[in-house]
2 protein chains.
Amino acid sequence: MSADGRRAFITSVGDLLASWNLPHATGRAYGLLLLSEEPISLDTIAAELELSKGAVSTAVRQLDSWGLARVIPQPGSRRLLVEATGGIESLLEASQARARTLIAALREGESLVRSGPAQERLHDVIGLFAGYVDLGGRMLAEHRRRRTGSARP
Amino acid sequence: MSADGRRAFITSVGDLLASWNLPHATGRAYGLLLLSEEPISLDTIAAELELSKGAVSTAVRQLDSWGLARVIPQPGSRRLLVEATGGIESLLEASQARARTLIAALREGESLVRSGPAQERLHDVIGLFAGYVDLGGRMLAEHRRRRTGSARP
């Protein structure tokens, strides 16, 4: 397994999650977890990513709250293990929710412009953006339905 | 026309464009242009948004290069006027291109994990993200086709 390849992958996942407003360290921790075939400890994450324990603990808490990772307590020990889940739909959904808030704000702008070319231009811009977001929303809903039908309780 | 409403709209457009990696000032300038029924001068943008001339000039250059605004020289004068275009598809396309680069990097990660549950998990995450991006890409292509068919040369 190439160390460079691992590093590049981990950075890419960091970039990806950063584009959805998660800190880069959190995204990198998710990248490392995605490459790990077994649950790993917070110390392992800190060592591999050269992060402080505090930073790792924050990152793991964020991943857990987003449903991107699961924290597994070890019986009779204070040690925690962490495992990635495949749940990026929660992130995509959050990005959708942000986009919908923006669209609502943009729609309010339509009333600020008198009817005419400027209002049509604004209407087109909002329409394209809203169409783009709706399509993604429908895909996520479909994905969730399929999941719920098969794997989930 | 409510000044608060204008300000809120302009901030929202700034937030929207910031989510696609454009500086907030550039997004706000686009927001102001979208509300303007006539082309406006750089000085007007500077005054309305409380930005320096240099900041406005950078913002307008960025909007122009993204196809979000058109700069109109005034014959016999060094004054420039600026007008919004409805071209946010170029921004959506750039965001798509970034996403596709990330997907390619993630796919390379699949070879870093032995076949088994971890590889399946990674495959699922990449598949969902890629599906989401492809769908947006198809919508933009369709939109561009319709546009080219009607308004464009």
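Values computed for the structure shown
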quantity: Along chain A, longest interval not containing exposed GluC sites (Glu not before Pro), exposed being DSSP loop plus at most 13 other Cβ atoms within 10 Å; calculated: A:51-153
quantity: Within a Gaussian network of chain A (alpha carbon springs, distance under 10 Å), most fluctuating of A:Leu128, A:Leu16, A:Leu140; calculated: A:Leu128
quantity: Inter-label distance for B:Asn21 and A:Ser90, nm, one decimal - labels placed 7 Å from Cα along Cα-to-Cβ; calculated: 2.7
quantity: Total accessible area lost when A and B pair, probe 1.4 Å, Å² to nearest 100; calculated: 4000
quantity: Residue mean of other protein chain beta carbons inside 10 Å, B:26-36; calculated: 2
quantity: Rounded percent of accessible protein surface that carbon and sulfur make up, region A:99-153, 1.4 Å probe; calculated: 53
quantity: A:Glu120 versus A:Ala104: modelled label distance in nm, points set 7 Å from Cα along the beta carbon direction; calculated: 3.0
quantity: In Hz, Karplus ³J(HN,Hα) per residue of region B:140-148 (6.51, -1.76, 1.60; θ = phi - 60°; x = Gly, Pro); calculated: 5, 4, 5, 4, 5, 4, 4, 4, 4
quantity: Ranking by accessible area, most exposed first, for B:Tyr30, B:Tyr132 with a 1.4 Å probe; calculated: B:Tyr132, B:Tyr30
quantity: Other-copy label distances relative to A:Arg98, 7 angstrom Cα-Cβ extension, nm; calculated: 1.0
quantity: Nearest-10 value in Å² for the accessible area of B:Val125, using the 1.4 Å probe; calculated: 10
quantity: Electrostatic dipole magnitude of region A:86-126 [Cβ: Lys, Arg +1; Asp, Glu -1; Cα centre; debye, to 20]; calculated: 120
quantity: Inter-copy separations for B:Gly67, label at 7 Å along Cα-Cβ, nm, ascending; calculated: 3.6
quantity: Region A:7-55: C-alpha gyration tensor shape, a/c 1.5 cut-off, then a/b vs b/c; calculated: oblate
quantity: Ascending list, in nanometres, of distances separating the A:Glu83 label from those of the other copies (7 Å, Cα toward Cβ); calculated: 6.1
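The values are calculated or read from the model by the stated rules, or taken from the named source; none is laboratory data. This one's a predicted model, so the numbers in the text were calculated from it and none came from an experiment. All Cβ positions, glycine included, derive from the backbone under ideal geometry; neighbour counts span all protein chains shown. Side chains are part of the model used for accessible areas, which takes the heavy atoms of the whole protein and leaves out ligands, DNA and RNA. Shrake-Rupley method; radii C 1.70, N 1.55, O 1.52, S 1.80 Å.
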